[in-house]
Amino acid sequence: MPGASSGGHPPIVVLTGAGISRESGLATFRDPDGIWARFRIEDVATPEAYARDPERVLAFYNARRRGMTADDVRPNAAHLALARLEAEWPGGVTVVTQNIDDLHERAGSRNLIHMHGELLKARCTSCPDVRPWRNDIRVDHACPACGALGALRPHVVWFGEIPLGLDAIDTALGACGLFVSIGTSGNVYPAAGFVRQVRMLGRARAVELNLEPSEGATLFERARYGPASETVPAFVDDLLARGLAAAG
Ligand code: BV8
């Protein structure tokens, strides 16, 4: 029986990417109208870019933070369905998100790992302080904890930096009986490698819920394609009604 199961309800790990927040009005990265169609990773999402031109990097994230905190940006049916799954699934649910928005929390997810950080938090580069931060970050800001000037950055994992929570993610992947990947193109590692890791362990089923087949589509036993606001609630209803059998 897959995973450390409680009957047909083993622990579930859900990986989410930008696609789950698309219908809440937030842009994805690699769609034709995506963020990387307008900005270069090397200019705005690496530690080198921040060291070279902090104002440009801070402006990129200030614009995205303003977008993320707009009144009309709210969790959609997919975020809400995952919170319902966590509340009702006997075996436990861990949501690992690549997203830096707060839509999973606002939908009610609690067992949540932001492996690429959180844009609504600021981090100091001179001391260990990390704190909620919903306004712009400017180069003339002083760290509220240590007073260092120009030391604040978004609490976000840039390319070339080590993602957060990898030990907890490893443990969750090792124990799960079902791995569900939602709204991610499977381009960015180590997240894109989680399905391979789960398949190698041989104890979990892997399901992809996406708008279209991802880079790793062939590694999933089952897939349901369509907008997350439709596929995720339907899949959660199936799981809660039929247990693991719903994963095909
Ligand atoms: C690491 C935060 C070492 C910032 C992000 C050379 C040098 C250094 C590193 C590397 C290198 N070459 C490769 C690497 C590794 C690198 C990497 O993978 N690069 C890629 C480009 C090849 N990775 C790293 O650098 C990582 N760190 O490797 O450290 C290490 C690792 C482990 C252990 C020890 C050491 C750090 C990567 C993190 C970078 N930060 N985000 C920010 O947000 O600005 S990544 C960024 O991409 C976001 O987090 C995003 O979530 C993530 C993945 O993108 P997706 O979420 O998948 O979004 P995308 O647009 O691609 O796809 C959306 C999907 O949704 C599509 O499939 C679409 O069809 C679908 N969709 C659209 N609409 C809907 C929908 N689905 C359903 N419903 C809809 N309505």
Legend entry - Filter result for residue 22 (among the charged types (D, E, K, R), closer than 23 Å to residue 83 by Cβ and within 11 Å of the ligand (Cβ to nearest atom)): yes
Legend entry - segment 199-220 residues that are over 24 Å from residue 234 (Cβ atoms), paired with ones that are surrounded by 22 or more Cβ atoms within 10 Å (Cβ to Cβ) and modelled with pLDDT under 95 (beta carbon under 6 Å, 6 or more apart): 203/3
Inset, instruction - Quickly run through segment 137-169 and pick out the residues that are more than 16 Å from the ligand (Cβ to nearest atom) and open to solvent by 30 Å² or more (accessible area, probe 1.4 Å). - result: 138, 139, 140, 141, 142, 144, 145, 146, 147, 149, 150
Inset, instruction - Give the residue, chosen from 87, 83, 77, that is away from the ligand (no atom under 12 Å from the Cβ), farther than 20 Å from residue 121 by Cα, in contact with a helix residue (DSSP H, G or I) (Cβ under 6 Å, 6 or more places away or on another chain) and of a type in the set (A, V, I, L, M). - result: 83
Inset, instruction - Please go through segment 227-247 and pick out each residue that is farther than 15 Å from residue 184 by Cβ and within 21 Å of the chain's Cα centre (by Cα). - result: 229, 230, 233, 234, 235, 236
Inset, instruction - Filter segment 79-97 down to the residues that are open to solvent by 10 Å² or more (accessible area, probe 1.4 Å) and outside any loop (DSSP other than H, G, I, E, B), then identify the one that is nearest to residue 176 (Cα to Cα). - result: 94
Inset, instruction - Considering each of 201, 240, 244 in turn, give the residue that is touching a His at 6+ places or on another chain (Cβ under 8 Å), over 20 Å from residue 100 (Cα atoms) and either open to solvent by 10 Å² or more (accessible area, probe 1.4 Å) or more than 8 Å from the ligand (Cβ to nearest atom) (or both). - result: 244
Legend entry - Given (1) buried (at least 22 other Cβ atoms within 10 Å of the Cβ); (2) in a helix (DSSP H, G or I); (3) of a type outside the set (Asp, Glu), number of the condition residue 100 does not satisfy: (2)
Inset, instruction - Starting from residues that are assigned to a loop (DSSP other than H, G, I, E, B) and small (Gly, Ala, Ser), keep the ones in segment 202-226 and report whichever is farthest from residue 185 (Cα to Cα). - result: 202
Inset, instruction - Confirm whether residue 28 is in contact with a Gly (Cβ under 7 Å, 6 or more places away or on another chain), within 24 Å of residue 153 (Cβ to Cβ) and among the hydroxyl-bearing types (Ser, Thr, Tyr). - result: yes
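The values are calculated or read from the model by the stated rules, or taken from the named source; none is laboratory data. Keep in mind the model is a prediction, meaning the values are calculated, not measured. Quick reminder, even Gly has a Cβ in these numbers, built from the backbone with ideal geometry, and neighbours come from all protein chains shown. Note: areas computed on protein heavy atoms with side chains; ligands, DNA, RNA excluded. Shrake-Rupley method; radii C 1.70, N 1.55, O 1.52, S 1.80 Å.
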